[in-house]
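Chemist: Got a structure for you, questions after.
The values are calculated or read from the model by the stated rules, or taken from the named source; none is laboratory data. Everything numeric in this text was worked out from a predicted model, so none of it was measured. Quick reminder, even Gly has a Cβ in these numbers, built from the backbone with ideal geometry, and neighbours come from all protein chains shown.
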Amino acid sequence: MQYTLWPLREVWIKVGLEKLENHKGIAVKALLDSGAIGLFMDTKSAKEKGFKLKRLKNSLLVQNINGMVDVGGAITYQVGCNIFFKRHVERAQMDICNLEKTEVILGMPWLAVHNPEIDWKKDEVKITRYPLVCRKRKQEEKKKVVRKTEEEKTVEELVSKRLWKWKRVFGKAESERMPVQKIWDYVIELKEGFVPRKGKVYSLSREK
């Protein structure tokens, strides 16, 4: 059996872009381009989809591969957004320029940091190596989910049943004020001229 293998000339991936100010997201096709020296979003697409543009203090000249200055002019704006790709999420700054039919380009900085696995036959892209900055953000997202889950639970769910008769103590109002002063409260008298020393702070796990 004979077949023709057409070479894969371009690699595209579907990504989600989330606006930082209102957390609304859109889905776009992004071009992976090792020849690009940054992350780029098309000017027209950014405006149509309502992204908040931030003006740069210094404009950036865009040069094509032949060394000529791009006809679209200099880059004067950036967009901050969250990029979602499958189970991966990261915060990024994207330069705004004229990309014509391409909405987003993820260039060499993104490729070098994430070092994605690309199956050239199946046209599949996987991220299996998470850089430190992405791992930290993932941990922060998990902490937010845990905190939100705990806030939604009732006192009965969080406190052992044998302590329910004192559940008022665990309420929000009680936790936001200082305890009432009692006659048996012990006062620690400090010596005149004493200056407290700063000690090292040791972080403990949730279990400890």
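Chemist: Cβ-Cβ distance below 6 Å, separation of 6 or more or different chains: which pairs start in the range 107-126 with a residue that is assigned to a helix (DSSP H, G or I) and end on one that is at pLDDT 90 or above and of a type in the set (A, V, I, L, M, F, W, C)?
Modeler: Qualifying pairs under 6 Å: Trp110/Leu39.
Chemist: Oh, and also: Considering only the range 52-75, state which residues are within 17 Å of Ala36 (Cα to Cα) and modelled with pLDDT of 70 or more.
Modeler: Across the range 52-75, the qualifying residues are Leu60, Leu61, Val62, Gly73, Ala74, Ile75.
Chemist: Mind listing whichever residues of the range 26-43 are exposed (fewer than 13 other Cβ atoms within 10 Å of the Cβ) and either part of a strand (DSSP E or B) or at pLDDT 90 or above (or both)?
Modeler: Hits for the range 26-43 are Ala27, Lys29.
Chemist: Every residue in the range 71-104 that is under 16 Å from Glu10 (Cα atoms) and within 18 Å of the chain's Cα centre (by Cα), please.
Modeler: Listed by number, the list holds a single entry, Val104.
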